[in-house]
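Below is one structure, written out as structure tokens; comments come after it.
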Amino acid sequence: MTESGVFDSSGVLGVVRHPWYVAVFILLLWAKDLNLTGITINLVLSAYLVIGTLLEERKLVLEFGDKYRRYQQQVSMFFPLKWLRSTLHHSNRSQAVTSPVSTRGASGTLREPTPDSPGVFGRSPMVARIATLLVFGLAVSAGVRSVHVPPAAFSAERAMAHVRQIARAAHPTGSAEHERVQAYLVAELRALGLEPRLQQTIGIASRFPVAGQVTNILARLPGTGTDGKAILMTAHYDSVAVGPGAADDAAGTAALLETLRALRAGSPLRNDLIIALLDGEEDGLLRAVAFVREHPWARDVGLALCLDAGGTGGRALLYETGERNASLVRAFGRTPNATGSSAMYSGYRRMPNDSDFSELRLAGITGLNIAISERGDRYHTPLDDPAHLDPRSLQHHGDAALGVAREFA
């Protein structure tokens, strides 16, 4: 409380009533872990914080009565919804006010903010926005690595160079731009010391009344073992006709190229790694059908990782696996920044969307289906371009791919 007997709502106390508890919540979110122990610890600590905060709120109401109740009405407990509504309201009215609540004069009476009021984070609305992003954006930030990281690490900056080349324009199957992208990918795989193969065939969809010519680009990185199953990593390099497909799926394709580069710079893998840059996904999953049914490498696959996108931002989320997946999910949880939820699959299977992983599952291949899914309003539109792809999402895509390769291969 201030000396005048009112609750201080300046600074961060005008955004949330319990900023320190919010900071702890953010740390808990930042330390996500898919294994059972990590989830249990997070749930227990979260419950402890919520119960402790509610008890403290009750104590403050009993001690200060209506004065604290007015503060409760003005400022949110954990999530700054009231502050955000107020900020948006004043921004729409073109006022230079960022305070989320009414302030009090020396007499303790309420007065409305004015354009000269200092606000929560000072007089500048931009300062308020930046502070909000810093505080509440920590939970989703992945951290973009530059080209100057160690050679065996994944760099979103390096991968983004591939995205810009692949997603210069829309490149649906059969187009001249598609042929340019295909030639670029073959050249990049050769530059990595691999011998890419083109699987050219007629793909006949198993789930849709569609057929068409496809050209899958395949490469194999040999492991040191001789009796283990291979790890298959897939992404599709075609796009829809209306957009360049930077996220869907140049991001997945670029992530696999950068993952290969990082793996070549590190220790050899135990098992073979098969890279399948597949064609015709946007035309009925034709590419995956052709690979599973016709290519001899498909029989060597013991585990698959599919990278795709349904938006241009957010974390790369594990949303689908195969049957009897407990040990698989536990192992995935050991990879860096692993993120996923079984609840996502419940929603996904009720949607009209599909992915190459569906064809792999029909063939009895288990694995991990991972996708970028936020900002779905740009999905399959001209705005799915390199300028709108969040590089943090690309970094998380690559962290997942590289982590899976090193964990399982």
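Observations on the model:
- Some residue of the range 287-296 being modelled with pLDDT of 90 or more and within 20 Å of M233 (Cβ to Cβ): yes
- Selection of the range 165-179 for residues being under 28 Å from the mean Cα position of the chain (by Cα), more than 18 Å from A219 (Cβ to Cβ) and without any contact (Cβ under 8 Å) to a residue 40 or more places away in the chain yields only E177.
- Residue match in the range 390-406 (condition: under 18 Å from the mean Cα position of the chain (by Cα), buried (at least 20 other Cβ atoms within 10 Å of the Cβ) and either modelled with pLDDT under 85 or of a type in the set (F, W, Y) (or both)): no
- If you check G245, G311, G223 for being closer than 22 Å to Q395 by Cα and surrounded by fewer than 23 Cβ atoms within 10 Å (Cβ to Cβ), only one passes: G311.
- Residue ID - farthest from D238 (Cα to Cα), chosen from residues in the range 360-405 that are of a type in the set (D, E) and part of a helix (DSSP H, G or I): D399
- Residue tally, condition charged (D, E, K, R) and in contact with a Leu (Cβ under 9 Å, 6 or more places away or on another chain), over the range 383-409: 1
- Residue list for the range 169-220, filter: of a type outside the set (D, E, K, R), modelled with pLDDT of 95 or more and assigned to a strand (DSSP E or B): L198, I217, L218, A219
- Residue count, the range 154-168 (criterion: small (G, A, S), assigned to a helix (DSSP H, G or I) and closer than 14 Å to A309 by Cβ): 1
- Residue within the range 249-263 that is surrounded by fewer than 19 Cβ atoms within 10 Å (Cβ to Cβ) and touching a residue at least 60 places away in the same chain (Cβ under 8 Å) present: no
- Test set (1) under 21 Å from P172 (Cβ atoms); (2) outside any strand (DSSP E or B); (3) not β-branched (V, I, T) - C306 fails condition number: (2)
The values are calculated or read from the model by the stated rules, or taken from the named source; none is laboratory data. Because the structure is predicted, anything quoted here is derived from the model rather than measured. Using ideal geometry, Cβ is built from the backbone for each residue, glycine included, and neighbour counts are taken over all protein chains shown.
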